[in-house]
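See below for the structure under consideration.
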Amino acid sequence: MRYVGVFWFFAAIGVVISLMGSKYAHSVAGIPPGVPLARLGIEGKITQILLMILPFIVAPILTGWIFHLKVQRQPISKETRSITAKIVYSTIALSILFWVGSGAWFGLLQATPLMIFIILIVPIAGVAFIFWILFPATARVFAYLTKTDSNNSSS
């Protein structure tokens, strides 16, 4: 469960990075804060989408790094599956809290079935997919780098 907490801590750091990136993008583009970057065309849309998913890219990378620092090895598939499942469950719980607490549930009542599916499933599946790929890949990269460094220093 500790890696889930680490993941959400780094996701919060990713949100701060994303907000700073958004302020920078708005200042470079010369548009006031709060105006969607999508008004700038395809580049603005791509930038806005990347800024939205940035916390969920930063979090698994840094969680994989922390995992490697703790255990000094790559995660086995069972560990990756277990941590991913816990992150999915916590994402579902946080999403329910958001939908109920913000009143977004009322919008879901008025949406079409396809939109309900997209709103409820796609973000959770996206978080799981990104974590499933980036977490073990990051741990593998750091395991390779530390193995290479230790081999070079002993020669």
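The values are calculated or read from the model by the stated rules, or taken from the named source; none is laboratory data. Note that the structure is predicted; figures quoted are calculated from it, not measured. So basically every Cβ, Gly included, is an ideal-geometry build from the backbone, and we count neighbours across all protein chains shown. Just so you know, the surface numbers come from the protein's heavy atoms only, side chains and all, with ligands and any DNA or RNA stripped out. Shrake-Rupley method; radii C 1.70, N 1.55, O 1.52, S 1.80 Å.
Quick notes on this structure:
- Test: residue in region 85-94 that is of a type in the set (Gly, Ala, Ser) and without any contact (Cβ under 8 Å) to a residue 40 or more places away in the chain: yes
- Residue count, region 77-115 (criterion: open to solvent by 50 Å² or more (accessible area, probe 1.4 Å) and over 21 Å from the mean Cα position of the chain (by Cα)): 11
- Counted residues, region 1-31 - those being among the β-branched types (Val, Ile, Thr) and in a loop (DSSP other than H, G, I, E, B): 1
- Out of 61, 130, sole residue that is out of contact with any Phe, Trp or Tyr (no Cβ under 7 Å at 6 or more places or on another chain), in contact (Cβ under 8 Å) with a residue 24 or more places away in the chain and under 28 Å from residue 145 (Cβ atoms): 61
- Condition broken by residue 142, with the remaining ones in (1) at pLDDT 90 or above; (2) open to solvent by less than 50 Å² (accessible area, probe 1.4 Å) satisfied: (2)
- Against the conditions (1) among the basic types (Lys, Arg); (2) closer than 26 Å to residue 134 by Cα; (3) modelled with pLDDT under 90, residue 39 satisfies every one except (2).
- Hey, residue 65 crowded, with 16+ Cβ neighbours inside 10 Å and not aliphatic (A, V, I, L, M) or not: yes
- Annotation: residue 49 fulfils all but one of (1) under 30 Å from residue 136 (Cα atoms); (2) surrounded by fewer than 12 Cβ atoms within 10 Å (Cβ to Cβ); the unmet one is (2).
- Of the residues examined, residue 35 is not one that is without any contact (Cβ under 8 Å) to a residue 12 or more places away in the chain, under 23 Å from residue 11 (Cβ atoms) and either open to solvent by 70 Å² or more (accessible area, probe 1.4 Å) or not in a helix (DSSP H, G or I) (or both).
- Restricting region 1-28 to residues that are free of Cβ contacts under 8 Å to residues at least 60 places away in the same chain and open to solvent by less than 40 Å² (accessible area, probe 1.4 Å) leaves a set whose member that is farthest from the chain's Cα centre (by Cα) is 26.
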